[in-house]
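Read the structure below first, then the notes.
The values are calculated or read from the model by the stated rules, or taken from the named source; none is laboratory data. Bear in mind the structure is a predicted one, so any value in this text is a computation, not a measurement. We place every Cβ from the backbone using ideal geometry, glycine too, and count neighbours over all the protein chains shown. Just so you know, the surface numbers come from the protein's heavy atoms only, side chains and all, with ligands and any DNA or RNA stripped out. Shrake-Rupley method; radii C 1.70, N 1.55, O 1.52, S 1.80 Å.
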Amino acid sequence: MARTNGPISVCVINLKGGVGKSTISALLARHAYTRRGLDVLAVDLDPQANLSQALMHSDYNNFLVQKRTSIVEIFHGYRPPSSSSLSPTSLSAQDGVETIGFNPTSGKSLQLTPSRFDFSDNLLGAVRPDPRVLARFLTANYGHKDFIIIDCAPTESILTTAAYHACGLVLVPVKPEYFATIGFPLLQESLVNFRNQNRGHRIDVCGVVINNAFYDGGNDGGPEKAASITDIQTQAAANHWPIFVNQLPHSRGFPKIMRGNNSYSGNATRFYDFANEFFPAVGL
Amino acid sequence: MKRNAFLTRLLHTIVAEYGHEEVLRTLSDLPHADERRERITQSKRQAWLEQSGHREVTKPKRLTAVDQLTKTSDITVSGEEIFALATRFDRKEFLPTVGDIREFLAMSGSIVEGLTSRSEGFRYLLPVLVKLPPERLKRLATSNSYSGPSQLGPLADAIRSAGEAMRRGDQKLTTDADALPLKDMLEDTDRASTRKNHTTLGQRKTHPIDDKNFNNVPDSDESVTNAGDLKSTANRKTSEAEQA
């Protein structure tokens with residue numbers, strides 16, 4: 001049964017790259033569906049399409065070759081002419097969405113709106129891209145979902161604004177390294193600007209998750225990591241952003257389990273400690 | 001001493017005594033030698049079983065997915081699609097590893113603990129497949145379901161080719177994704193993938209694009225498909241200028 005007050009929509013964002021946004025998005029989407037029995041939609045807003053590849057794995061190549069619809073068509077607002085139709089057609093609710101998992105007993109599913117590497121080029125070519133397109137598409141077709149997670153690109157662009165319009169909560173992954181907090185002031189400024197321009201839209205940072213992906217070398221990362229953690233705590237407190245207690249450890253298992261390969265998990269199973277803290281924190 | 005070493009030594013002696021051809025002829029007159037040996041072994045084994053009171057244990061034949069399917073009577077809907085999946089499962093084309101089966105089951109809402117062998121996996125898959133709607137079964141029958149190392153080579157080639165096409169001033173690429181060279185590039189990628197000659201990221205080769213398939217590529221750049229070609233074109237133009 002769908003949530004009475006609509007889905008919980010979270011965008012995973014940090015304006016600094018390489019902090020684990022796609023990995024965390026894929027794992028949260030999987031966990032929500034397989035372990036919590038939620039009806040989930042994952043939206044890949046990053047033209048690098050790592051989330052799409054993680055959830056679709058080898059079928060992602062088929063998706064490209066068969067020219068199945070993606071986030072690009074959702075932003076265009078129509079289905080372009082193809083072998084089955086010689087003129088543009090309107091999008092249906094099934095367009096731009098791939099079903100990754102389906103539970104025939106409960107009827108719940110894990111679905112994905114995949115991205116393509118030509119996504120940003122397509123938007124740049126448009127005269128005036130509308131950042132509210134995604135929010136309109138999701139509210140019209142996916143109000144029955146329990147959880148919507150949006151993986152953002154690590155740059156401030158129309159895609160960031162589109163993600164803000166489509167969600168009410170922001171999750172900020174960060175790595176404890178020298179450049180860790182560079183993205184924080186940029187993100188805070190971006191959120192303040194968005195709130196100023198959209199007075200009726202409430203958007204909050206639900207938390208900062210520390211992706212402790214340092215190989216600790218026996219000294220837990222040394223003084224540099226300790227300094228970075230202090231920096232993160234100071235910056236987060238200044239912005240009134242809570243920090244999740246459970247950090248993500250370094251593990252070679254992450255690239256595997258994010259794409260559903262459980263041949264080796266290692267310390268990556270500690271992700272579930274974070275997940276068990278995250279879902280109650282966002283109200284699920 | 002190894003058994004065949006002993007046999008070799010015996011044969012050496014026999015061949016030295018009777019000659020190679022005579023030995024071969026005699027051997028060919030003994031067509032039932034194996035059967036007789038088998039019979040002796042069997043009778044000895046039977047006698048031992050009777051004496052010791054043990055029972056003959058026969059190892060059951062492992063059932064294939066198709067065997068399991070044909071023994072099941074409750075498949076009423078989408079039987080053909082499930083049969084096709086079972087055939088692909090036996091060929092290891094559908095869910096090729098036990099990890100893939102676990103992932104598929106988890107994605108279908110049933111987490112099976114302790115599944116360690118792929119061959120016993122179809123027993124768990126069948127109840128799930130039977131419940132799936134026909135359109136999802138059709139999609140499964142044509143899609144890959146392997147969670148192992150991703151084939152990023154073809155994808156990387158397609159991205160690189162798209163970038164080159166855009167640098168050459170193919171403006172349509174940026175506004176109409178479906179009607180473009182990208183289509184051909186992806187098909188080219190697929191062909192490369194089908195031929196299994198795609199390259200990995202670590203040993204990536206340049207992937208020349210068949211310019212005849214490009215509707216919107218400027219003619220002047222037809223032969224320029226990668227940095228190497230660009231250089232050779234430049235050299236060719238220089239030598240042509242020198243000759244003139």
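Some notes on this structure:
- In region A:182-237, the trypsin sites (Lys or Arg not before Pro) that fall in loop regions by DSSP, at most 14 other Cβ within 10 Å: A:Arg199, A:Arg202
- Cut-off under 5 Å, modelled amide H: who pairs with A:Ile150 long-range: A:Val10, A:Cys11, A:Val12, A:Val43
- Accessible area ranking (1.4 Å probe, heavy atoms, ligands and nucleic acids excluded), largest first, for B:Glu103, B:Glu38: B:Glu38, B:Glu103.
- Three-way shape label, region A:16-113, alpha-carbon gyration tensor, a/c 1.5: oblate
- The phi-based Karplus calculation (6.51 cos²θ - 1.76 cosθ + 1.60; θ = phi - 60°) puts the 3J(HN,Hα) values of region A:156-173 at 7, 7, 4, 5, 5, 4, 4, 5, 4, 4, 8, 9, x, 10, 10, 10, 10, x Hz, whole numbers, x for Gly and Pro.
- Across A:Trp241, B:Trp48, the residue with the most accessible area heads the list, and the full order at a 1.4 Å probe is B:Trp48, A:Trp241.
- Average beta-carbon neighbours from other chains, 10 Å sphere, peptide B:92-102: 2
- Over 24 Å between alpha carbons, listed pairs A:Lys16/A:Lys108; A:Lys108/A:Lys175; A:Lys256/B:Lys92; B:Lys61/B:Lys138; A:Lys145/B:Lys131; A:Lys108/B:Lys92: A:Lys16/A:Lys108; A:Lys108/A:Lys175; B:Lys61/B:Lys138; A:Lys108/B:Lys92
- Descending principal axes extents, region A:161-232, alpha-carbon based, whole Å: 49, 17, 16
- Ligands, DNA and RNA excluded, the heavy atoms of B:Ser110 present near 40 Å² of accessible surface to a 1.4 Å solvent probe.
- The mean number of Cβ atoms from other chains found within 10 Å of a Cβ in peptide A:51-59 is 4, as a whole number.
- Note on B:Thr64: accessible area approximately 60 square angstrom, rounded to 10, probe 1.4 Å, nucleic acids and ligands left out.
- Split the accessible area of region A:8-282 by element, probe 1.4 Å, and carbon with sulfur accounts for 51%.
- Karplus-derived HN-Hα couplings along region A:186-192 (A = 6.51, B = -1.76, C = 1.60, θ = phi - 60°), whole Hz, x at Gly and Pro: 5, 5, 4, 5, 4, 5, 4
- Region A:8-282, accessible area per residue, ligands and nucleic acids excluded (1.4 Å, Å²): 40
- Per-residue SASA entry for B:Asp90, accessible area with 1.4 Å probe, Å² rounded to 10: 60
- Placed amide H near A:Val205: partners under 5 Å, 5+ positions off or other chain: A:Val170
- Equivalent ellipsoid semi-axes, region A:8-282, via Cα gyration tensor eigenvalues times 5, rooted, Å: 31, 22, 17
- Sequentially through region A:27-34, phi angles give Karplus couplings (6.51, -1.76, 1.60; θ = phi - 60°) of 5, 5, 5, 4, 4, 4, 7, 7 Hz, Gly and Pro residues having no value and appearing as x.
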